[in-house]
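Step one of this worksheet: look at the structure below.
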Amino acid sequence: KHVQGFPEYGPERMGAPITAYNRISQSKEIRVHSNIYNPDFVVVVDETLLETVDVTAGLSPEGAIIVNTSRTKEEITAELPDYTGRICTIDARKISMAALGKYFPNMPMLAAVVKVSGVLDESIFLEEMEISFKKKFASKPEVIEGNKLALEMALQEVQ
């Protein structure tokens, strides 16, 4: 697969919302370098953004929005009444705390994206992530199992 990812930073203060873009192509090299105005998937790591940002702007009804929240899917759906596509939820805080003992939402959210999008077979995803963890955390092997557990839990718990 070909992958491209980049954040969009403005003059925001520290802690302000940011937007990041990711493109994944099954076969063709990605040559476009611009914002994504009509995404297939939107990932909301901080659910308070639902109150201040139009997170479904341009979002394909064939895609999905994935929200990190402890609330139910029905509660989130009520907040996004104009969006007709799939709305998925995951409690990345709960998973992160259980698997890692600290709040690091990235791994659970990544696994949720893989599950919801179907962009990669789950078993291949877990195998590749383990290889990546062994390289990234070579000097801290104690964090490998926690990160693997966070991925596995998220794949099971995303709604």
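For the reader, a short list of remarks on this structure follows.
- In region 59-90, the residues that are in contact with a helix residue (DSSP H, G or I) (Cβ under 7 Å, 6 or more places away or on another chain) and among the acidic types (Asp, Glu): 79
- Every pair of residues 6+ apart whose Cβ atoms lie under 8 Å, when the first sits in region 62-91 and is more than 18 Å from residue 156 (Cβ to Cβ) and part of a strand (DSSP E or B) while the second is open to solvent by 40 Å² or more (accessible area, probe 1.4 Å) and not hydroxyl-bearing (Ser, Thr, Tyr): 65/41; 65/43; 65/86; 87/73
- Residue list for region 70-97, restricted to those being open to solvent by 10 Å² or more (accessible area, probe 1.4 Å) and polar (S, T, N, Q): 70, 72, 77, 84
- Failed item in (1) at pLDDT below 90; (2) of a type outside the set (A, V, I, L, M, F, W, C); (3) within 25 Å of residue 157 (Cα to Cα), with residue 39 passing the rest: (1)
- Residues of region 113-159 that turn out to be exposed (fewer than 12 other Cβ atoms within 10 Å of the Cβ) and either in contact (Cβ under 8 Å) with a residue 24 or more places away in the chain or aliphatic (A, V, I, L, M) (or both), as a count: 3
- Counting only residues that are hydroxyl-bearing (Ser, Thr, Tyr), under 23 Å from residue 42 (Cα atoms) and assigned to a loop (DSSP other than H, G, I, E, B), region 100-156 holds 1 of them.
- Residues of region 100-140 that are more than 21 Å from residue 66 (Cβ to Cβ) and touching a helix residue (DSSP H, G or I) at 6+ places or on another chain (Cβ under 8 Å): 101, 102, 130, 133, 134, 137.
- Within region 1-36, being closer than 18 Å to residue 114 by Cα and modelled with pLDDT of 75 or more holds for 2, 3, 4, 5, 20, 21, 22, 23, 24, 25, 26, 27.
The values are calculated or read from the model by the stated rules, or taken from the named source; none is laboratory data. Nothing here was measured: the structure is a model prediction, and the numbers come from that model. With ideal geometry, Cβ positions are generated from the backbone for all residues, glycine too; neighbour counts draw on all protein chains shown. Ligands, DNA and RNA are excluded from the accessible area calculation, which covers all protein heavy atoms including side chains. Shrake-Rupley method; radii C 1.70, N 1.55, O 1.52, S 1.80 Å.
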